[in-house]
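Here's the structure we're looking at; comments come further down.
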Amino acid sequence: MRDYHLPGRSAVYATYGMCATSHPLGAKVAIQILEAGGNAVDAAIAGAVLLGIAEPQMTGIGGDLFALVKPAGREDIIALNGSGRAPAGLDAAVLRAEGHATIAPTSPHAVTVPGAVDAFCRLSRDHGRAGLATALAPAIHYADAGVPVAPRVAFDWALATDTLQGAARDFYLLDGAAPKPGQLFRAPAQAEVLRRIAAEGRDAFYEGEIAEDMVDSLRAAGGSHTLDDFAATACDYVEPIRGSYKGYELVEHPPNGQGACAMLLANILDEFDVAAMDPWGADRAHLEAEATKLAYDARNRFVADPAHMTRLDHMLSRDTARRLAGLIDMGRAMENPAELSETVHKDTIYITVVDRDRMAVSLIYSIFNSFGSGIASTKYGILMQNRGSGFTLQKSHPNEAGGGKRPMHTIIPGMLRAGGKLVMPFGVMGGSYQSTGHARFLSNVADFGLDPQSAIDAPRSFFDQGELRVERGYPDAVRADLSARGHKVVIPDTAIGGAQAIRIDGDGLLEGASDPRKDGCALGY
């Protein structure tokens, strides 16, 4: 139980249905859909698409999604990969010959064909109840009427305005500047796009005038995209991957998402007595940082389009985790995990909804970097993701950029099971942090017995790009200890990630939790 003398957020309890997401309007419309007779899939679509208007720096119809769905009355979990592919004309050899060492995030070459709309349509058709038009109606209304910009959204928006280029500056700036908190953001051109999708389905987006707008805008920026690339877009049902940790079963998406990285990280942590550590002490933060280095090194070596990845079993192996765990020195930070791990490896908004029938959805939907590529279509203002910057230009790497390939993705929805039943859909936002965030959330729950809201509220640290980023929730003494172990410790400019979860108790109670690092909330009825 939290100390009510201190600022904090209470868990939200309900029995019929629950939604937790990063913006209050997203949660509100999801609950309205449930109250009107829709199911969890309808509600998740409604809330997620609206988030593209409420948080356009985070997500939108020019992006991708991954979803995990537990149907009503069943305990199996369905995974849908709604990530798009590179245009057929993308060629790593050509880019290398032009002198590129990486794919720049704001380059048209970083724009993969958006897969989210196709996936929303497929989810609605296969698992929804209310119909696509009903699910899209709230986003259409708010795109026309406008959404007051929330405080965290305004903060993020101001940090990323320089990413916006060309037509995107007209669509996503107000009088040439980022909106202030409370200012109204409207997207009437996107409302028209959503109306057409609601009436005609995915073909309205991937063929005809809207597709032409996106292709023409990308080609004008120097991209190789064609109408055929858009028309060929198709999501895929895939088999989830599973791992165990302290009595919980962790369910994740297989590659090209980084769920396998989260599982490897959890398996490395499982080699240590984490529960005996101070949950907010230096030992745990150090261990998590070192395990992150090793797991992310494996991710960068192996995770790719599933048609090109051959080392999934190796990443999920307990033996791999055990051998990597043996490389960790609890007294000293490792400088080069790739060199240490060579002997072992020789051989990227989130919404969760649970309905009255206990259908559960864990869905993550993103344009990758803040405002994605910064390129928007000229007529409709569809902001294009930059997932292609997740490719490498290293020759013969499984994740080497290439036409028709899916890049390595950072976005991963998660679910926890126990005793053969789903107990918690959850997700963690924050780009690359998501794998570490999944493992940390799981450890908070399993090792320290925290309820979902407390597990989300807890302070975070994350090793990224040579720095150990430690939130202000940790005391200075912990930062000093970590520095003494060789870490380059910094306090990040923004809080690390964001998370939501819904715990499903056996007695019929739903417990929702939402991250105070974001503007959103959990709502139930």
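For this structure, a couple of remarks:
- When segment 1-29 is filtered for residues that are of a type outside the set (K, R) and under 19 Å from P148 (Cβ atoms), the ones remaining, listed by number, are T21, S22, H23, P24, L25, G26, A27, V29.
- Residues in segment 104-119 that are assigned to a loop (DSSP other than H, G, I, E, B) and surrounded by fewer than 24 Cβ atoms within 10 Å (Cβ to Cβ): A104, P105, T106, S107.
- Residue pairs meeting the criteria (Cβ under 6 Å; at least 6 apart or on separate chains; first closer than 26 Å to Q190 by Cα, in segment 384-410; second of a type in the set (K, R)): R406/R85
- Residues satisfying the stated conditions in segment 471-508, i.e. small (G, A, S) and in a strand (DSSP E or B): G498, A499, A501
Every residue, every condition in (1) at pLDDT 95 or above; (2) out of contact with any helix residue (DSSP H, G or I) (no Cβ under 7 Å at 6 or more places or on another chain), yes or no:
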residue: L269; (1), (2): yes, no
residue: V274; (1), (2): yes, no
residue: A282; (1), (2): yes, no
residue: E290; (1), (2): yes, yes
residue: K293; (1), (2): yes, no
residue: R299; (1), (2): no, no
residue: T310; (1), (2): no, yes
residue: P337; (1), (2): no, no
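- Scoring G374 on the criteria (1) out of contact with any Ser or Thr (no Cβ under 9 Å at 6 or more places or on another chain); (2) at pLDDT 95 or above; (3) within 24 Å of G431 (Cα to Cα); (4) assigned to a loop (DSSP other than H, G, I, E, B) leaves a single failure, condition (1).
- Assessment of segment 132-145 against the conditions (part of a loop (DSSP other than H, G, I, E, B) and not aliphatic (A, V, I, L, M)) yields no matching residue.
- Here L468 fulfils each of the conditions (1) assigned to a strand (DSSP E or B); (2) at pLDDT below 95 apart from (2).
- Qualifying residue in segment 72-87 (condition: modelled with pLDDT of 95 or more and either part of a helix (DSSP H, G or I) or aromatic (F, W, Y) (or both)): no
- Counting the residues of segment 184-212 that are in contact with a strand residue (DSSP E or B) (Cβ under 8 Å, 6 or more places away or on another chain) and assigned to a helix (DSSP H, G or I) gives 0.
The values are calculated or read from the model by the stated rules, or taken from the named source; none is laboratory data. None of the values given here were measured: they were computed from a predicted structure. Cβ coordinates were reconstructed from backbone atoms using ideal geometry, including for glycine residues, and neighbour counts include every protein chain displayed.
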